[in-house]
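The next block holds one structure in the form of structure tokens; read it before the comments.
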Amino acid sequence: MDMETGAIVAVTAHSGAAADTTAVKETVMEAGIAVAGLIAEKTPAGEYAVHPEGMKEVVADKGYHSNDVMVGLAEMGVRSYVAEPDRGPRNWDGKPAEKQAVLGNRRRVQGERGKRLQRQRGERIERNCAHQVRHRRTGAALGARP
């Protein structure tokens, strides 16, 4: 979802058994493809609404955080702002790429921009998704009476 406009740019479906950390890479790739397809499109006002470099940042909750995800996003050239669960002290012996990716993400999340993006994620995305799930469960989205 685009954080500024609330526009949904990609939707992926995964089995209920798929962990968020395994599903996030596919979702990011799908979103990147969707955004890339809009780069050359002009708005009715004649402006380009999509940054010419495409998708450059990912903001996610702590369910998506893992060493592999952080490294994967870095390899894709995407800046991550993924909340980090409290795991206690980490052992980085023999894991220089993981350390660099995780600590870079941590630095970004703790900065003013990271805090603002996480706040926006909660306000715009989580609220919207909760509304959709609530209506899907009751059948309201289909016009049925609960």
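For region 49-97, a residue qualifies if it is more than 20 Å from LEU117 (Cα to Cα) and of a type in the set (Lys, Arg), and the qualifying residues are ARG87, ARG90, LYS95. For region 77-100, the count of residues that are of a type in the set (Ser, Thr, Tyr) and at pLDDT below 90 is zero.
If you filter region 59-109 down to residues that are open to solvent by 30 Å² or more (accessible area, probe 1.4 Å) and among the small types (Gly, Ala, Ser), you find that the one that is nearest to GLN120 (Cα to Cα) is GLY63.
Does GLY46 satisfy being in a helix (DSSP H, G or I), of a type outside the set (Ser, Thr, Tyr) and farther than 23 Å from GLU112 by Cα? Lay out the reasoning, then the answer.
On the way: in a helix (DSSP H, G or I): no; of a type outside the set (Ser, Thr, Tyr): yes; farther than 23 Å from GLU112 by Cα: yes.
Spelling it out, it is not the case that GLY46 is in a helix (DSSP H, G or I), of a type outside the set (Ser, Thr, Tyr) and farther than 23 Å from GLU112 by Cα.
Restricting region 49-75 to residues that are under 26 Å from ASN91 (Cβ atoms) and in a loop (DSSP other than H, G, I, E, B) leaves a set whose member that is modelled with the lowest pLDDT is ASP61.
The values are calculated or read from the model by the stated rules, or taken from the named source; none is laboratory data. Note that the coordinates shown come from a computational prediction; the quantities given were computed from them, not determined experimentally. Because the Cβ atoms are built from the backbone with ideal geometry, glycine has one as well, and the counts that use them run over all protein chains shown. When the accessible area is computed, the model is the full protein with side chains, heavy atoms only, and any ligands, DNA or RNA have been set aside. Shrake-Rupley method; radii C 1.70, N 1.55, O 1.52, S 1.80 Å.
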